[in-house]
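The values are calculated or read from the model by the stated rules, or taken from the named source; none is laboratory data. Note that the structure is a prediction, hence the values are computed from the model and not measured. No Cβ is skipped: glycine too gets one built from the backbone with ideal geometry, and neighbour counts run over all protein chains shown. Only protein heavy atoms, including side chains, enter the accessible area calculation; ligands, DNA and RNA are left aside. Shrake-Rupley method; radii C 1.70, N 1.55, O 1.52, S 1.80 Å.
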There are 2 protein chains.
Amino acid sequence: MQKKNVSELNPNVSVDCVIFGFDLEKLNVLVIDRGENELAENVRLALPGNLIYNNENLEQAAYRVLEELTSLKDIYLEQIGAFGDPNRICKEADRAWLKSIRAEPEARVITVAYFSLVKMEDYMPHAASFAKNAAWIPADEIKDLAFDHYDILQAARNKLKEKIKIQPIGFNLLPEKFTLSQLHKLYESILDKELDKRNFRRKVQKLDILTNLNEKQEGVPHKPSELYKFNEEKYQELTQNGYDNFGF
Amino acid sequence: MQKKNVSELNPNVSVDCVIFGFDLEKLNVLVIDRGENELAENVRLALPGNLIYNNENLEQAAYRVLEELTSLKDIYLEQIGAFGDPNRICKEADRAWLKSIRAEPEARVITVAYFSLVKMEDYMPHAASFAKNAAWIPADEIKDLAFDHYDILQAARNKLKEKIKIQPIGFNLLPEKFTLSQLHKLYESILDKELDKRNFRRKVQKLDILTNLNEKQEGVPHKPSELYKFNEEKYQELTQNGYDNFGF
DNA sequence: TTTGAAAGTGTAAAAATGACACACAGACCA
DNA sequence: TGGTCTGTGTGTCATTTTTACACTTTCAAA
């Protein structure tokens, strides 16, 4: 057997990324539009992903995919799990598309999915770096995706839901300065249920991980809201001292 | 490229299983002893696992590994995640061992780990079916394992810990009839902390998923305990009606 | 019959949760 | 300039949940 070149692509393992963003109204997902050619409407969209290189680990591969697409680094990233149904590449359109780009639609590919949380303001469609074939789509409006990516998306949403009950990772989706209402809406979007305003605020206050910036929103046609930022130091302090309950 | 035989082994993807058992005292893990030849003490033990076949999905592969080893079917099984560090096969002893069984220690293998929960009584060392090179080892006594299996074991324990806070999967580890004390000890083993006896019992009672069998332990040198069984119907009923809180 | 060992049981204080309604500040418009 | 619109921000009470804590019971074995 020939000596392997360690930096070649592994034909059997890919990573896919569910990249979440929050537009202060609802949860969005960054998807790739593969274009109209021979592709039915419902599978034009796919999650960004790629085969891994033999010399990188899975998480590195996910970061690479993310960075190649968005130029963003230091992003919150977490593994969802592996998806490896032998029939996950069963849609005819997917097979055709694969053939067009790498000519091995018969290969068994298992994929390891990651979800990442991005401040949408850092990667908006009008930015020069925004990939031409990428788009933010509201998570609720996605009805189908290529391959098994719709399943992966649902798994990602569930994982995010569970995770945010335990850790305040939601702050990765918000701008540096945000209002309590925005935070509130974020939790409602992720948990997919209404939360009582006053009870929500009480709970957040008790967590004691927000700093009031003593600034107000400007230009809004109503009473301006106070702005807050996430206080990472305080959070670290709390968790290191064994604080446990960031649950919602 | 030659036509692929779908039932061949995929050289790049394996599954490994963390099989938990509970001896009514502590949590145990089923490990494979690879024997003394050229292997340092700390890496003689490994998790059961194998390469996947190209025509089976990941979960099927995990069930296959489990059944090949224990002859057990219909076991609780859940994915932990994928582990794919390029250096996960770095220990010299592991490379030597791999060479001895399949001669491709250079191949990049990512593994998808599962944990499963087994009633230990169904698979005890003295049974005819018990694999000669397998052994139940108390989870706390395992200090190292082959490859990255020690990391996988820790991930499995964490996953189990999180899961049991949400769902009463612990019953998969107990015999059909069990005492509240045994259940109590199980939760303490998994959560790795003491739980107040009375508070624990009160909580369990409120879950209302146990049936009192109105039988007592026999032959114990102290007040005999009442025996209970897990009431699956009641559990299904509760969960389907949106009951949510099986937390500990 | 005594001893040892685990089973089983209740209460009170503190904390967390859930339900609920109105005054306020600014923008905009007539 | 006064009125309207819109989202912001705030407190309380009843209920449930959590936590901490100690003694009596039952059986086997000595």
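Here are some notes:
- Test item: A:80-92 mean partner chain Cβ contacts at 10 Å: 5
- Using a cutoff of 8 angstrom between alpha carbon atoms and counting only pairs six or more residues apart, the relative contact order for the stretch A:80-237 works out to 19 percent.
- Phi angles across the stretch A:173-184 convert, under the Karplus curve 6.51 cos²θ - 1.76 cosθ + 1.60 with θ = phi - 60°, into 3J(HN,Hα) values of 9, 9, x, 3, 9, 8, 9, 5, 5, 5, 4, 4 Hz, Gly and Pro given as x.
- Relative to the current alpha-carbon distance between A:Glu121 and A:Glu59, full extension at 0.36 nm per residue lengthens the span by 19.9 nm.
- Area of B:Asp122 that stays accessible when all protein chains are in place (1.4 Å probe, Å², to 10): 90
- Remark: mean inter-chain Cβ contacts per residue of A:42-55 equal 1, using a 10 Å Cβ-Cβ cutoff to other protein chain atoms.
- To the nearest ten degrees, helix A:197-207 and the longest principal axis of the Cα atoms of chain A are 90 degrees apart.
- Measuring r between the beta carbons of A:Ser181 and B:Asn158 and using R0 = 41 Å, the FRET efficiency lands at 0.75.
- Using heavy atoms of the protein chains and a probe of 1.4 Å, the accessible area assigned to B:Arg102 is about 90 Å².
- Near A:Tyr76, the amide H atoms lying under 5 Å from its own belong to A:Leu117; only residues 5 or more places off or on other chains count, and H is placed 1.01 Å from N.
- Between B and A, accessible area buried - total, square angstrom, nearest 100, 1.4 angstrom probe: 1900
- Computed with a 1.4 Å probe over protein heavy atoms only, the accessible area of B:Trp97 comes to about 70 Å².
- Gyration tensor (alpha-carbon) shape descriptor, the stretch B:9-164, a/c threshold 1.5: rounded
- Accessible area (Å², per residue) of the protein assembly as shown, counting only protein heavy atoms and a probe of 1.4 Å: 52
- List A:Glu226, B:Glu25, A:Glu92, ordered by accessible area with a 1.4 Å probe, largest first: A:Glu92, B:Glu25, A:Glu226
- Cβ neighbours within 10 Å from other chains - mean over A:106-113: 5
- Amide H contacts under 5 Å for B:Ala134: B:Asp33, restricted to partners 5 or more places along the chain or on a different chain, H placed in the peptide plane at 1.01 Å from N.
- Cα centroid separation, the stretch B:13-76 to the stretch B:184-248 (Å): 29
- Simple label model, 7 Å out from Cα along Cβ direction - A:Gln167 to B:Glu67, nm: 3.7
- Residue order for A:Glu188, A:Glu68, B:Glu218 - accessible surface, 1.4 angstrom probe, largest first: B:Glu218, A:Glu68, A:Glu188
- Rg/Rg_globular for the protein assembly as shown, with Rg_globular taken as 2.2 N^0.38 Å and Rg from C-alpha atoms: 1.08
- Only protein atoms count toward the accessible area here, which uses a 1.4 Å probe; on chain B, the carbon and sulfur part of that area reaches 46 percent.
- Heavy-atom SASA rank of B:Val220, B:Val13 (probe 1.4 Å, accessible area, largest first): B:Val220, B:Val13
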